[in-house]
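Before any comments, here is the structure.
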Amino acid sequence: MKGKRPLSPHQIWLNRLVHLLALLPLLALLWGYWQNTLGINPIHTLTLRTGKTALVLLILSLACTPLNLVIGWNWVFPVRRLLGLYAFFYAGIHLLIFVGLDYGFEMDLVVEAMRTNEYTQVGLVAFLILVPLALTSTHHSITWLGYKRWKLLHRLSYLAAILAIVHYALLVRQYYTQPIIFALILAVLFGIRLFYAWRTKN
Ligand code: HEM
């Protein structure tokens, strides 16, 4: 594994753009909350929008490597870490809204909701998987764990995405269109990774 290279001016601008675009949904939510335009149940809107943003960012972070492999877009490669961290950030806010705003930090009620709702259990596992991935997203962690082990650990991001989609599918009940679209995108991304891994071996 090579040492950390300084970012080119082009990458610095790309990182800034990702920061801006990733923070826009949060700013829109804060603005909507302040302006009281989040509908009759703002907490519900906040939960849904932070959950959706976390999932979209997670899928985008997983799309970077396939985009590099298929169309040679290696400029997207450096932002995959940032996108993954923002996915974790929004998932954290999503969970915090659920525990804090929805359940007012009444931990007995939270535990009861977790015990009785399958979709919250699956969401929790997805979130717990994202924790070690976010914690080991630094360059230092790659050196500390060794590249092979680090890579193996970070493959769990696919599992987190699968569980997040299952979490989504479980709560929408019969309106499966969006979870199916997310699942198809994830399947294509995973298929590309598998194909290239197979081609390198043969
Ligand atoms: C402990 C962890 C989690 C809890 C307790 C939780 C809870 C919830 C709740 C209460 C809803 C709204 C359900 C409704 O009333 O319609 C929801 C929706 C959602 N959550 Fe989570 N969630 C968790 C983790 C995650 C994670 C890690 C992701 C993604 C990375 C995620 C993505 C979503 C999505 C995509 C939706 C649906 C958004 C929509 O319908 O537009 N959740 N979650």
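The values are calculated or read from the model by the stated rules, or taken from the named source; none is laboratory data. Worth saying up front: this structure is predicted, and the values here are computed from it rather than measured. FYI the Cβ positions are ideal-geometry reconstructions off the backbone, even for glycines, and counts take in every protein chain you see. All accessible areas refer to the heavy atoms of the entire protein, side chains included, with ligands and DNA or RNA removed. Shrake-Rupley method; radii C 1.70, N 1.55, O 1.52, S 1.80 Å.
Being of a type outside the set (D, E, K, R), within 13 Å of the ligand (Cβ to nearest atom), part of a helix (DSSP H, G or I) and surrounded by fewer than 13 Cβ atoms within 10 Å (Cβ to Cβ) is not true of V131.
Only one of the numbered conditions (1) more than 8 Å from the ligand (Cβ to nearest atom); (2) open to solvent by less than 90 Å² (accessible area, probe 1.4 Å); (3) assigned to a helix (DSSP H, G or I) is violated by L124, and that is (1). Does T136 satisfy the criteria of being of a type in the set (S, T, N, Q), touching a residue at least 60 places away in the same chain (Cβ under 8 Å) and on the phi < 0 side of the Ramachandran plot? Against the criterion (of a type in the set (S, T, N, Q), touching a residue at least 60 places away in the same chain (Cβ under 8 Å) and on the phi < 0 side of the Ramachandran plot), T136 does not qualify.
The residue pairs whose first member lies in the range 174-186 and is in contact (Cβ under 8 Å) with a residue 40 or more places away in the chain, whose second member is among the acidic types (D, E) and within 13 Å of the ligand (Cβ to nearest atom), and whose beta carbons are closer than 8 Å, counting only pairs six or more residues apart or on different chains, do not exist in this structure.
Filtering the range 143-179 to residues that are surrounded by fewer than 11 Cβ atoms within 10 Å (Cβ to Cβ) and in a helix (DSSP H, G or I) leaves K148, T177. Applying a threshold of 6 Å to beta carbon distances and a minimum spacing of six or more residues, or different chains, the list of pairs starting in the range 51-65 at a residue that is closer than 18 Å to L128 by Cβ and near the ligand (Cβ under 9 Å from one of its atoms) and ending at one that is aromatic (F, W, Y) and part of a helix (DSSP H, G or I) reads A54/Y90; L57/Y86.
Restricting the search to helices (runs of 4 or more DSSP H) fully inside the range 18-121 and requiring at least 2 residues that are surrounded by 20 or more Cβ atoms within 10 Å (Cβ to Cβ) gives 42-71, 80-96.
Quick check on L189: is it at pLDDT 95 or above, open to solvent by less than 40 Å² (accessible area, probe 1.4 Å) and either away from the ligand (no atom under 12 Å from the Cβ) or of a type in the set (K, R) (or both)? In short, yes. Only residues that are touching a Lys or Arg at 6+ places or on another chain (Cβ under 9 Å) and closer than 20 Å to L48 by Cβ: list them for the range 111-152, please. Q121, the sole residue that qualifies. Every test in (1) within 13 Å of the ligand (Cβ to nearest atom); (2) surrounded by 13 or more Cβ atoms within 10 Å (Cβ to Cβ) is passed by Y196 save one, and that test is (1).
Checked against (1) outside any loop (DSSP other than H, G, I, E, B); (2) away from the ligand (no atom under 15 Å from the Cβ); (3) not basic (K, R), L7 passes all but condition (1). Yes or no: L163 in contact (Cβ under 8 Å) with a residue 40 or more places away in the chain and in contact with a Gly (Cβ under 9 Å, 6 or more places away or on another chain)? Against the criterion (in contact (Cβ under 8 Å) with a residue 40 or more places away in the chain and in contact with a Gly (Cβ under 9 Å, 6 or more places away or on another chain)), L163 qualifies.
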